[in-house]
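First the structure, in the form of structure tokens, and then the observations on it.
The numbers here are math on the coordinates, done by the rules we state, and not lab data. Note that the structure is a prediction, hence the values are computed from the model and not measured. Using ideal geometry, Cβ is built from the backbone for each residue, glycine included, and neighbour counts are taken over all protein chains shown.
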């Protein structure tokens, strides 16, 4: 079943066409990797799908529901979670409080929201840091915080903007494992990723963008050998 | 792994520090007992002003400290409260105990009307807009004949002390208890609010509106809710103040100074913290009252210089307010390293 269908989505900021006629769909339970050079329109695409930016034209369907033009809080309420490229933790609140704010969507009672938040914090392996303020956590831990917070709203679709961006090499494998573990829970994932090895490893399908346009969509192997993708993004990448 | 989760789940949601609870309970009993020891009317007045300003600052704390919107026109709700009780008592003989609720209702309605367009503005623009709205209330009431225009309202005095008219001429002690009870109720409710789902969501809106949106929180609605709650807290203080001094006029109850003082008290005590406004009021109000006594009319602005100095020192050394002097282990849970 298609969880997300995007048709001819376009957005321009002034004279710059950030997204141009982008179409793709996502199968429930799969991982779609989104790649492209800086400025290709990846984050804009996330903002358009999640309602943070209003698209000019196009269609966005979540299952059978038209979510084009809906406000971000309504879209998240339907079960679309997201993380941000520039991390947005509630800095002056503890990790537990951060996740509880998400958990309140599903649990009205404070004790049950707390317990739910703790289970998710345990899932992302930060249980010992639960009473730390978000500002005290490392970047890698804050990435986990954002994932946990988004998971707390019990999303069916999770959009993750650069899970491994800005963290050191040692931290990356743990985050990748976490994404795989997440997939096993049944949640559908769309992830923006610059690390090409990771995207090939975790994705079921890959969407490649360049200058706001879709240049390729397919299984990782096809993408890796796609001439347009190599020219635009992979450059001298040697598919050895 | 499981055991760590189990331990975490077995923790109480809130720290209950017996020492802190007994100190607070002791202070409350002391506050109730104080007038019995024959406090003179100056000290009664001093405490009444502390209670009143603490609640006013708490009102501002809800919108600014909890939801992150800086309002510079909060005096408007104080004035609405003051006029509501005085006007309905004088014109229709309605007891202040009922018209206090009119004041809250009218303030809430204005908070919605102001909030819907203004809270869409972000950051400084909301502050500027509320500043102008606060001033415009004063201007309107200065020219509104029905409510006495610039000369204001002189509340009809009862011949004797009267609980139904909320007027006491022989002693300030009844006022002391009325203000004390409003003060305790307000702080208890705001304390509950800060620990509720609503409190969590307001702090999310304050810390990062975008992240809040991604967590199903309708940011504009929550800002309006905070603004309405804040207005509802402020209005009764205007009502009680009008009953306390019995002469109100636009220059006094819609004064811009009211909007500024609630900000100063909260920032001094600790913005965003339930206890901040109490600490701030307990320090700033005596400074203001004593400087008024010792310096009289000529030194009327000296307290403002004090405020300025204190505020600068606070901003530089303790940006989280005096509350940050309270030991960390009382405020926060022990961390595991």
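On a 0 to 90° scale, report how tilted helix A:172-184 is relative to the longest principal axis of chain A, with both axes built from alpha carbons and the result rounded to the nearest 10.
Taking Cα atoms only, the helix is inclined about 90 degrees.
Between residue B:34 and residue A:106, what is the label-point separation in nm under the 7 Å Cα-to-beta-carbon projection?
The two pseudo-label positions are separated by 4.9 nm.
With an 8 Å Cα cut-off and a minimum separation of 6 or more residues, compute the relative contact order for chain B in percent. Before the final figure, lay out each step's value.
Details: 471 pairs, mean separation 100.1, N = 337.
Relative contact order of chain B: 30 percent.
For chain A, calculate the relative contact order in percent as a whole number, restricting contacts to Cα pairs under 8 Å that are 6 or more residues apart. Before the final figure, lay out the partial values.
Working: 470 pairs, mean separation 62.8, N = 240.
The normalised contact order for chain A reaches 26 percent.
Could you please state, rounded to a whole Å, how far the C-alpha centre of segment B:170-234 is from the C-alpha centre of segment B:66-101?
Segment B:170-234 and segment B:66-101 have Cα centres spaced 17 Å from each other.
Quick one: of the DSSP bridges fully inside the protein assembly as shown, what percent are antiparallel, nearest 5? Don't jump to the answer; show the numbers that get you there.
On the way: 24 of 41 bridges.
Among the beta bridges of the protein assembly as shown, antiparallel pairing accounts for roughly 60 percent.
Under 8 Å for C-alpha pairs, at least 6 residues apart: give me the relative contact order for segment A:63-194, rounded to a whole percent. Spell out each step's value before the answer.
On the way: 187 pairs, mean separation 41.3, N = 132.
Over segment A:63-194, the number comes to 31 percent.
Per residue, how much space in cubic angstrom lies within the convex hull of the C-alpha atoms of segment B:1-157? Walk me through the intermediate numbers first.
On the way: hull volume 32.0 nm³, N = 157.
Per-residue hull volume (Cα only) is 204 Å³.
Report the full-extension gain for the segment residue A:2 to residue A:185: residue separation times 0.36 nm, less the Cα-Cα distance, to one decimal in nm.
Working: separation 183, 0.36 × 183 = 65.88 nm, distance 1.75 nm.
The residue A:2-residue A:185 span can extend by a further 64.1 nm.
Taking the simple approach of a point 7 Å from Cα along Cα-to-Cβ for both residue B:313 and residue A:219, what is their distance in nm?
Those two pseudo-labels are separated by 7.3 nm.
Going by Cα centres, segment B:115-143 and segment A:50-116 are how many Å apart?
Each part reduced to its Cα centre gives a spacing of 31 Å.
Quick check on the protein assembly as shown: take the gyration tensor over C-alpha atoms, sort the square-rooted eigenvalues as a ≥ b ≥ c, and tell me if it's rounded (a/c under 1.5), prolate or oblate. Kindly include the intermediate steps, with their values, before the conclusion.
Working: a/c = 2.80, a/b = 2.07, b/c = 1.35.
Verdict is prolate for the protein assembly as shown.
Whole percent per 10 Å bin, from 0 to the bin with the longest distance: what is P(r) over all C-alpha pairs of segment B:19-255?
Whole-percent P(r) values from 0 Å outward: 8, 30, 32, 21, 8, 1, 0.
Note the full-extension length gain between residue B:98 and residue B:251 as 0.36 nm times their separation in residues minus their Cα-Cα distance, in nm to one decimal.
Values: separation 153, 0.36 × 153 = 55.08 nm, distance 2.52 nm.
Value of the extension gain: 52.6 nm.
What is the order of B:291, B:239, B:22, fewest Cβ neighbours within 10 Å to most?
Numbers: B:291 18, B:239 27, B:22 10.
With the sparsest Cβ surroundings first, the list reads B:22, B:291, B:239.
How much length is gained on full extension from residue B:306 to residue B:191, taking 0.36 nm per residue of separation minus their Cα-Cα distance? Display every interim value, and only then the final one.
Details: separation 115, 0.36 × 115 = 41.40 nm, distance 2.98 nm.
Stretched out fully, the residue B:306 to residue B:191 stretch lengthens by 38.4 nm.
So how far apart, in nm, are the two label points at residue A:71 and residue B:170 if each is 7 Å from Cα heading toward Cβ?
About 5.7 nm separates the two model spin labels.
Semi-axes, largest first, in whole Å: what does sqrt of 5 times each Cα gyration tensor eigenvalue give for chain A?
Values: eigenvalues 172, 90, 49 Å².
Gyration-tensor ellipsoid for chain A: 29, 21, 16 Å.
Only bridges whose two residues both fall in chain A count here: according to DSSP, what percent of them are antiparallel, nearest 5?
Percentage antiparallel, nearest 5: 55.
Taking every Cα atom in segment B:92-136, find the radius of gyration and the maximum pairwise distance Dmax, and write them in Å.
In Å, with Rg to one decimal and Dmax whole: 14.0, 43.
Relative to the longest principal axis of the C-alpha atoms of chain A, give the angle of the C-alpha long axis of helix A:110-123, reported between 0 and 90° and rounded to the nearest 10°.
Around 50 degrees separate the two axes.
Could you tell me the distance between the Cα centroids of segment A:147-208 and segment B:255-280, to the nearest Å?
Result: 44 Å between the Cα centres.
Kirkwood Rh, Cα Rg: Rg to Rh for segment A:1-68?
Working: Rg = 11.8 Å, Rh = 12.3 Å.
We get a ratio of 0.96 for segment A:1-68.
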